[in-house]
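Notes for the one structure printed next.
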Amino acid sequence: MRLLYLTLRKRVEGEMPKRKNAIIAFWHGKMLVGWLLARSLVKPTPCYAVVSLSKDGALLANALERLGFGLIRGSSSRGKEEVKAEMKSKLNEGNAVAITPDGPRGPREVFKYGSARIASETQTPIVFADIDIERKWRLEKSWDKFEIPKPFSRVMIRLAEINAPKFETEDDLKAFANSLTAKFQRA
């Protein structure tokens, strides 16, 4: 992963916030680039990856640990409360947390409400990385249309800082998450 990432010709638009305790988000299908990008954006600040408890998640967790990530294991369907508590704790300690807001099972490129809720409650910015890989292999049969960049491909990365407001109602939270989906979802 690291070697492939080093071959990519990356162009980044936008900047990280001055503070490094951010939620770095990217779509599940772009995670091959997303994880290493997240780590590079916040170095030397510790970065924690939210990874599901599935068998696939165990493989990913092993790889991410070798890449220097701390791990938060669980998802919106398994261990949700523990994940939320640990994310809040890590963010409040000044760390960064990397997530795929449409994972682990989709729907594809749809923001789940949890990341917006945690950003609001901790007043931590979400930095969304919109990743566009020029030359890639795409796994059409996977739910997330997983993308594997071809070596030496150009990659355009647009960073968008999102500051979640305090939500008065659950409907406000859902409307905010839906607006993020609309902004970053690719047709």
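What the table below lists for this structure:
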| item | result |
| --- | --- |
| Scope the range 13-31; condition within 26 Å of Ser142 (Cβ to Cβ) and touching a strand residue (DSSP E or B) at 6+ places or on another chain (Cβ under 6 Å); matching residues | Ile23, Ile24, Ala25, Phe26, Gly29, Lys30 |
| Given (1) under 17 Å from Trp27 (Cβ atoms); (2) in a loop (DSSP other than H, G, I, E, B); (3) not polar (S, T, N, Q), index of the condition Leu159 fails | (2) |
| Matching entry among Lys43, Lys18 (being modelled with pLDDT under 95, over 11 Å from the mean Cα position of the chain (by Cα) and within 24 Å of Val83 (Cβ to Cβ)) | Lys43 |
| Breaking point among (1) of a type outside the set (D, E, K, R); (2) surrounded by 14 or more Cβ atoms within 10 Å (Cβ to Cβ); (3) not in a loop (DSSP other than H, G, I, E, B), for Leu3 | (2) |
| Subset of the range 132-142 that is surrounded by fewer than 18 Cβ atoms within 10 Å (Cβ to Cβ), touching a residue at least 12 places away in the same chain (Cβ under 8 Å) and of a type outside the set (Lys, Arg) - its residue that is nearest to Pro107 (Cα to Cα) | Ser142 |
| Filtered residues of the range 40-53 (kept if out of contact with any helix residue (DSSP H, G or I) (no Cβ under 9 Å at 6 or more places or on another chain), in contact (Cβ under 8 Å) with a residue 24 or more places away in the chain and of a type outside the set (A, V, I, L, M)) | Thr45 |
| Whichever residue in the range 74-97 is of a type in the set (Gly, Ala, Ser) and buried (at least 19 other Cβ atoms within 10 Å of the Cβ) and, among such residues, is nearest to Leu53 (Cα to Cα) | Gly74 |
| Members of the range 143-187 found to be loosely packed, with under 13 Cβ neighbours inside 10 Å and among the basic types (Lys, Arg), listed by number | Lys166, Lys183, Arg186 |
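The values are calculated or read from the model by the stated rules, or taken from the named source; none is laboratory data. Fair warning: this is a prediction, and the values are worked out from it, not measured in the lab. Note: ideal-geometry Cβ built from the backbone for every residue, glycine included; neighbour counts use all protein chains shown.
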